[in-house]
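Presented below is the structure to which this report refers.
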Amino acid sequence: MKEEITITIDGVEIKTKTGEFILRAALNAGIYIPHLCFHPDLPPHGSCRVCTVKVNGRHMASCTTPAEDGMVITSDDAELLDLRKAVIEMLFVEGNHFCMFCEMSGKCELQAVAYRLGILVPRYPNLFPQREVDASHPDVMLDHNRCILCGRCVRASDEKDGKHVFELMERGAKTRLGVDAENNLGETNLSIDDKALDVCPVGALLIKDTAYRIPIGERQYDKTPVGSQHKGNK
Amino acid sequence: MTEKPKVATASLAGCFGCHMTLLDIDDRILSLIDLIDFDKSPIDDIKELGDCTVGLIEGGVSNSENLETLREFRRKCTILVSMGDCATSGGIPAMRNTVPLKECLEEAYLNGPSVVDGVIPNDPDLPSILDRVYPCHEVVKIDYHLPGCPPSADSIWAVLNFLLSGEENLELPYELIKYD
């Protein structure tokens, strides 16, 4: 049975239900906690750690930590801001993120969170890994250079499309996005209206012939920071 | 009249887009000239770098000449700023970083579809190309970073004004931090 409980985020008391994940409870209450691998329509993944908060002093991923009555949560302090920046900066240096020509620039969630946190340059050296572009599908481009391995497409394809087109393969630094085919994306049953395409936060999965339609200055995050419909800070 | 602070600029492995945008501050350049004197810069063609308050670097470090210029700017400028994505992250020239240098040179000078009787340049007067393109802060200490391809004229203006004001903390407004 789900009881109504009270948790405190950055000094603000909010009501939620037992077992609701902290991030969902916060967003429902209008408080923004930065996040990236989390998507409201998908089960949480807990992999990117951008949504890390302090729960009674301990660092926890707010997207996978169930709320309990009386929890005292810190989301907005200098230490967490720096940790979140560090995570985002690692994602930037780990792939090849050339925002200046990326079709997703202006509506990319990785970029938008970086903007909101005020990142000017990553503190880590760029790795410039060798990654492939898979253009074999008639309607979809898969650019591994931009993939941040958030697993959103994996979850969406499994849970929403019922297809299992994508999977995360291998482990650790070698982890990569795999497709359910012998060779490439063109051999899968992915279709243009799949939820998996819709949820990619970056420019890794793109529908062909749709790029650069919105002028610079009018794109989603050009003037409005991500999460600005919610209260809360960085 | 006290001497005005000096500002020098350089373009390393960049496209001069950031310098063009510096000129895009439009009539504010008249106010800028009241505030500063330009030292060595592609926009005035002064050849020798003097001691400067601010150095603006466009472009990443792709060859031995870029390296030498950047190190000289670091020695002579009190505040050194990476201006634009090539300086802060390598930018478009750094796309070659994902391809081995030998393959890049062979494609450009031997195997490219428009090459006739190709040869890989090796004249000793040419700067030698580095193994990869480096963001400026991976080579020398950089004091401020201004991303953007190019950074907007407003953000360049904001950074210059901030640096010349002697204030402590630079916080660019949301609209002025862009990576494209």
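Residues in segment B:40-56: is at least one under 26 Å from A:Asn145 (Cβ atoms) and more than 12 Å from chain A (Cβ to nearest Cβ)? Please lay out each step first, then the result.
Of the residues in segment B:40-56, the ones under 26 Å from A:Asn145 (Cβ atoms) are none.
Among the residues of segment B:40-56, not one is under 26 Å from A:Asn145 (Cβ atoms) and more than 12 Å from chain A (Cβ to nearest Cβ), which makes the answer no.
Of the residues making up segment B:129-156, just one is away from chain A (no Cβ under 11 Å) and surrounded by 21 or more Cβ atoms within 10 Å (Cβ to Cβ), namely B:Ile156.
Taken over segment A:176-234, the criterion of being charged (D, E, K, R), within 13 Å of another protein chain (Cβ to nearest Cβ) and crowded, with 16+ Cβ neighbours inside 10 Å is satisfied by A:Arg219, A:Asp222, A:Lys234. Per the conditions (1) away from chain A (no Cβ under 14 Å); (2) surrounded by 15 or more Cβ atoms within 10 Å (Cβ to Cβ); (3) more than 18 Å from the chain's Cα centre (by Cα); (4) of a type in the set (D, E, K, R), the sole criterion not satisfied by B:Arg74 is (3).
Going by the conditions given, is A:Ala156 within 14 Å of chain B (Cβ to nearest Cβ), of a type outside the set (S, T, N, Q) and in a helix (DSSP H, G or I)? No, not satisfied.
Kindly state which strands (runs of 3 or more DSSP E) lie completely within segment A:1-92 and contain at least 3 residues that are out of contact with any Ser or Thr (no Cβ under 7 Å at 6 or more places or on another chain). Give the derivation first.
Values: elements: A:4-9, A:12-17, A:52-55, A:58-61, A:72-74.
The qualifying strands (runs of 3 or more DSSP E) are A:4-9, A:12-17.
Before we move on, is B:Val61 within 14 Å of chain A (Cβ to nearest Cβ), touching a residue at least 40 places away in the same chain (Cβ under 8 Å) and not in a helix (DSSP H, G or I)? It would help to see each step written out before you state the result.
Numbers: within 14 Å of chain A (Cβ to nearest Cβ): yes; touching a residue at least 40 places away in the same chain (Cβ under 8 Å): yes; not in a helix (DSSP H, G or I): yes.
Considered against the rule, which asks whether it is within 14 Å of chain A (Cβ to nearest Cβ), touching a residue at least 40 places away in the same chain (Cβ under 8 Å) and not in a helix (DSSP H, G or I), B:Val61 comes out as yes.
Just wondering, is there one or more residues in segment B:117-140 that are within 17 Å of B:Thr21 (Cα to Cα), of a type in the set (S, T, N, Q) and in contact (Cβ under 8 Å) with a residue 40 or more places away in the chain? Steps first, answer last, please.
Pass one, segment B:117-140, residues within 17 Å of B:Thr21 (Cα to Cα): none.
Checking segment B:117-140: not a single residue is within 17 Å of B:Thr21 (Cα to Cα), of a type in the set (S, T, N, Q) and in contact (Cβ under 8 Å) with a residue 40 or more places away in the chain.
Do we have A:Ser136 as outside any loop (DSSP other than H, G, I, E, B), modelled with pLDDT of 95 or more and over 28 Å from B:Val81 (Cβ atoms) here? Here the answer is no, as A:Ser136 does not meet what is asked.
For the subset of segment A:11-31 comprising residues that are touching a residue at least 24 places away in the same chain (Cβ under 8 Å) and of a type in the set (D, E, K, R), which member is surrounded by the fewest Cβ atoms within 10 Å (Cβ to Cβ)? Ranking the candidates gives A:Lys17 first.
Per-residue answers, yes or no, for (1) in a loop (DSSP other than H, G, I, E, B); (2) touching a Lys or Arg at 6+ places or on another chain (Cβ under 9 Å):
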residue: B:Cys104; (1), (2): no, yes
residue: B:Pro150; (1), (2): yes, no
residue: B:Asp154; (1), (2): no, no
residue: B:Leu163; (1), (2): no, no
residue: B:Glu171; (1), (2): yes, no
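The values are calculated or read from the model by the stated rules, or taken from the named source; none is laboratory data. Note that the coordinates shown come from a computational prediction; the quantities given were computed from them, not determined experimentally. Positions of Cβ are backbone-derived with ideal geometry, glycine not excepted, and every protein chain shown enters the neighbour counts.
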